[in-house]
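**Q** I am attaching a structure below and will ask some questions about it afterwards.
The values are calculated or read from the model by the stated rules, or taken from the named source; none is laboratory data. This structure is a prediction, so every number in the text was calculated from the model and none was measured. Here Cβ is always computed from backbone atoms with ideal geometry, including for glycine, and neighbour counts include all displayed protein chains.
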Amino acid sequence: MKVYRNIEEVKEITNAVVTTGTFDGVHAGHRAVFDVMKQEAAKVNGETVVMTFYPHPRFVLGLDVENLKFINKLEKKIMLMEEAGIDHLIIIEFTKEFSKNSSESFIRNYIIKPLQPKKIIIGYDHHFGRNRHGSYELLLNLGVEAGFDVVKVHPLQIEGLTVSSTKIRKLLEEGNIKLANKLLGYEFSITGTVVHGNGIGRTIGYPTANIEVGNEYKLIAANGVYACRVESEGKFYGGMTNIGFRPTINQSSLTIEVNIFDFDKDIYGDTITIYFVDRLRSEVKFDSLEALKEQLASDRVNALKII
């Protein structure tokens, strides 16, 4: 997949089949759109082109920024799009100046002129351009003029839910990892740096790696204990992760800590990724460290059954 950070970098693309959006999560619904793109591109011997925006428009425009959380960072989105088989990814720098483009101006100047699309693929509810006034009907009219076809993709439903980034974020915030993963089409993950904790886990036989995410806009799943898989230096291990305030020891700040099964390496300062498989339980305050230890033994058994 070729990645462009500026529309001026784009050279001629053969029979471009294009879609646009922010694609938070690059979830199963997004990949359904990508599948249609690949099918349509095959019909015209063309190439697939995804255009996305960074930073997120809401961030730049200051819209409800205090509640702004993303399923994936940009690097993960790029990786997922490449895995989905997209040929070209164009990342447009979203600025306040860029936001002033009308919907028609955006299509003409950023898609028609540089890409000369053969087809534009649009999600069932996708709107674009200034104040999101751009619509399927606008694309149809421009398509007649510029000579491209427009294909609208029907919504994807999983377990009675229409797949969307908003629904997935809500499921993650509720701790419903299993259903969120189904809508994502892969396991939700958190990548971070291993930092020093207070060492209490080791004293009760369950040493943990404390994770610092380093991105305040990265969505963290609901507080609780999760069965997980952990990737460290390209190898995978089973584990269980706690997200929360560790009420048994009166922790004041949110922590993410993972007990990696059958693992005893010094990984302080390393970057690891935690893949969440299922939620075991909510966070509980125990009367003693011994009671906590007993619960962790039970959690480990349950986590091993799941993973």
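**Q** For GLY143, are the conditions met, namely being small (Gly, Ala, Ser), part of a helix (DSSP H, G or I), out of contact with any Lys or Arg (no Cβ under 8 Å at 6 or more places or on another chain) and at pLDDT 95 or above?
**A** In short, yes.
**Q** Separate question: Out of the residues in region 218-231 meeting the condition of being under 20 Å from the mean Cα position of the chain (by Cα) and part of a strand (DSSP E or B), tell me which one is nearest to PRO55 (Cα to Cα).
**A** Ranking the qualifying residues of region 218-231, first place goes to LYS218.
One line per residue, one yes/no per condition, for (1) more than 21 Å from LYS182 (Cβ to Cβ); (2) assigned to a helix (DSSP H, G or I); (3) out of contact with any Gly (no Cβ under 9 Å at 6 or more places or on another chain):
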site	(1), (2), (3)
ASN259	yes, no, no
ILE267	yes, no, yes
GLU290	yes, yes, yes
LYS293	yes, yes, no
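**Q** Take the residues in region 38-97 that are under 16 Å from LYS118 (Cα atoms) and among the basic types (Lys, Arg), then tell me which one is surrounded by the fewest Cβ atoms within 10 Å (Cβ to Cβ).
**A** LYS43
**Q** Can you tell me which residue among GLY205, GLY214, GLY192 is in the same structural domain as SER298 (by TED's automatic domain parsing), in a loop (DSSP other than H, G, I, E, B) and touching a Ser or Thr at 6+ places or on another chain (Cβ under 9 Å)?
**A** GLY214
**Q** Let me ask something else about it. Looking at LYS235, LYS170, LYS182, LYS265, which is the one that is surrounded by fewer than 19 Cβ atoms within 10 Å (Cβ to Cβ), farther than 30 Å from GLU40 by Cβ and touching a residue at least 12 places away in the same chain (Cβ under 8 Å)? Before you say what the answer is, go through the steps one by one.
**A** Working: LYS235 fails: touching a residue at least 12 places away in the same chain (Cβ under 8 Å); LYS170 fails: touching a residue at least 12 places away in the same chain (Cβ under 8 Å); LYS182 fails: farther than 30 Å from GLU40 by Cβ.
Residue meeting the stated conditions: LYS265.
**Q** Can we say GLU187 is in a loop (DSSP other than H, G, I, E, B) and either surrounded by fewer than 14 Cβ atoms within 10 Å (Cβ to Cβ) or not aliphatic (A, V, I, L, M) (or both)?
**A** Here the answer is yes, as GLU187 does meet what is asked.
**Q** Considering PRO155, PRO117, which residue is touching a residue at least 12 places away in the same chain (Cβ under 8 Å), assigned to a loop (DSSP other than H, G, I, E, B) and farther than 26 Å from ARG58 by Cα?
**A** Sole residue among the options that is touching a residue at least 12 places away in the same chain (Cβ under 8 Å), assigned to a loop (DSSP other than H, G, I, E, B) and farther than 26 Å from ARG58 by Cα: PRO117.
**Q** Another question, if that's okay. Kindly establish whether GLY238 is on the phi > 0 side of the Ramachandran plot and at pLDDT 90 or above.
**A** No, not satisfied.
**Q** In region 73-93, which residues are within 24 Å of THR166 (Cβ to Cβ), modelled with pLDDT of 95 or more and either outside the structural domain of HIS30 (by TED's automatic domain parsing) or not in a helix (DSSP H, G or I) (or both)?
**A** ALA84, ILE86, LEU89, ILE91, ILE92
**Q** In region 270-307, which residue that is β-branched (Val, Ile, Thr), surrounded by fewer than 19 Cβ atoms within 10 Å (Cβ to Cβ) and more than 19 Å from GLY175 (Cα to Cα) is farthest from the chain's Cα centre (by Cα)?
**A** VAL301
**Q** Within region 31-54, does at least one residue satisfy the condition of being within 30 Å of LEU219 (Cα to Cα), in contact with a strand residue (DSSP E or B) (Cβ under 9 Å, 6 or more places away or on another chain), touching a residue at least 60 places away in the same chain (Cβ under 8 Å) and in a loop (DSSP other than H, G, I, E, B)?
**A** Looking for residues that are within 30 Å of LEU219 (Cα to Cα), in contact with a strand residue (DSSP E or B) (Cβ under 9 Å, 6 or more places away or on another chain), touching a residue at least 60 places away in the same chain (Cβ under 8 Å) and in a loop (DSSP other than H, G, I, E, B), one finds none in region 31-54, hence no.
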